[in-house]
1. For the stretch 354-441, state the average projected area of the convex hull of the C-alpha atoms over all orientations, rounded to one decimal in nm².
2. Note down, for the stretch 27-136, the three equivalent ellipsoid semi-axes (square root of 5 times each alpha carbon gyration tensor eigenvalue), biggest first, whole angstrom.
3. I need the calculated FRET efficiency for the pair Lys154 and Asn412, taking r as the beta carbon distance and R₀ as 41 Å, to the nearest 0.05.
4. For a label point 7 angstrom out from the Cα of Ser366 toward its Cβ, which stretches of the stretch 327-341 have the backbone nitrogen within less than 19 Å?
5. Residue by residue through the stretch 40-56, which ³J(HN,Hα) values in whole Hz follow from phi under the Karplus form 6.51 cos²θ - 1.76 cosθ + 1.60 (θ = phi - 60°), with glycine and proline marked x?
6. Express the Stokes-Einstein translational diffusion coefficient of the stretch 117-168 in µm² s⁻¹, to the nearest whole number, given a Kirkwood radius over alpha-carbon pairs, 10 °C and a viscosity of 1.306 mPa s.
7. Show me, for the stretch 333-341, the HN-Hα J-couplings you get by feeding each phi into the Karplus relation (A = 6.51, B = -1.76, C = 1.60, θ = phi - 60°), rounded to Hz, glycine and proline as x.
8. I'd like the distance between the alpha-carbon centres of the stretch 121-165 and the stretch 104-120, rounded to an integer number of Å.
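Bear in mind that the values in this text are calculations on the coordinates, not laboratory data. No experiment lies behind these values; they were computed from the predicted model shown. Neighbour counts run over all protein chains shown; Cβ positions are idealised from the backbone, glycine included.
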Amino acid sequence: MKHKVMKMAVLIIGLFVIGANQAVARPGINFYIHNIDFAPVTITFESGGCMYGNIPNGEIWENAPQGNVHLVLHRDQGSACDGEGGHFQLTFSPKIGIKAVEAFIFSNDGALWVTPIANHYPGNLVFNSDGSYTYTTVAREQLIASKPQGSWDKLCAGNCNEQYSEQITNETGTETTVSEETKSAISVALEAGIEFEGVGSAKTTVTASLEKSIGKSMSNRVMRSESKTKVKNVVYTPEQMSTFNIHAVWQWIAKTKLSNGQSYILRTEEITCTPDGIEPSYLPGSKEHIGACTGKNAAATEKPQDATPKPTTVETPKPTATISNRTDAEYLNLWAESNRLGLPKAVGAFQLTASQSRCPSGCEESNGHTFLFMNFYMPSVQKENITIEQIENSLKPALLPGFCSSEAPKRNIMIGVLVQDMNKNQIGNFWVYGRECPDGN
């Protein structure tokens, strides 16, 4: 009998301990976080102690505009929390200036209040008639960007050996990084299309469509955080510029001003060439742009008979004795490797993105033919607006000089070219043969 009484005493004590911590706890406090900002607000929860429930420490919510996050707060009733309220912190993003954190404390009787801390997030806590609480985020002023103005910015003239990159730069401030809010405002403006004064008042439907297409492409790159890319090089010797009838090389840019007074310039990877120093009056991806840096403008000039310069962005092994003693596979491997240095490379309106040796045996990829594979893409052209024949007529003249002056034709090695559009959709392919060289190799 005594043994049974002791067991029951243990059971009663156990129930009392459980009840002291949770069973007799008062109803939780309904706590709502309401977002009145124009953009989603990310909220991170950090427990400070003396509270329990199913809210994991470090929990993150994304609160949509006009949305609510609902929390139920329970104070821990254990003796360790006697005289201490439940407390926690919330971190908000985007922050307001340097202010991102708000601290809270709550009691057994359903009271909740903000704990004063330095540089706290400036939201607003109110008590509702039903006994719940609502904390409201800050309504920021939405940034609006003006319609971007597109233009061609001169990179070099006469002799070109310049670096350029795709990036967003603040022209009026000192910021070194571009905020997501700024990128979003610029992206929205670009999505609506750019304005290009070069076309004058005689704007056609095709031109207007191209302006919108270019703006959308730039917008996509901005939102994919491609606002800063690796530096590229454009190199033309004076001899090459004379041969291709090129005087100046230009980079496509766009400028916009935000509602907060900050001005930004967006530089792209698009370049073009002109036979004079006058800014081009056409848009990227137009028929005038395609081939402008690869000899298209040279038709009206008489070229020297011996002027066959290699495009500096597409390397070909020089016919030295050392290379001559190599097998076709070794020769192709060396060629492909030299082309891959510094990718991507600008070849006029095209970007070389891949180079690979292919042959029956010993090359980087096995193939029944012996050739160098080269992959190009056109950053601002959609496949619907161009044919592979037009591309071949523009790109092949840039490839032939280096190809024909190498050992490739004598070895019956070809170049296989694949071209993709701005969305990396395949436009088509073509071949460069030795029989196309001036001496008919």
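1. Working: hull surface 23.8 nm².
The Cα convex hull of the stretch 354-441, projected and averaged over all directions, gives 6.0 nm².
2. On the way: eigenvalues 106, 45, 34 Å².
Semi-axes, largest first: 23, 15, 13 Å.
3. Values: r = 43 Å, r/R0 = 1.05.
E between Lys154 and Asn412, to the nearest 0.05, is 0.45.
4. 328-330, 332-333
5. Residue by residue, the stretch 40-56 yields x, 10, 8, 10, 10, 9, 9, 6, x, x, 6, 8, 9, x, 9, 9, x Hz.
6. Values: Rh = 17.7 Å.
The diffusion coefficient I find is 90 µm²/s.
7. 4, 5, 4, 4, 5, 5, 5, 7, 5
8. Their Cα centres are 32 Å away from one another.
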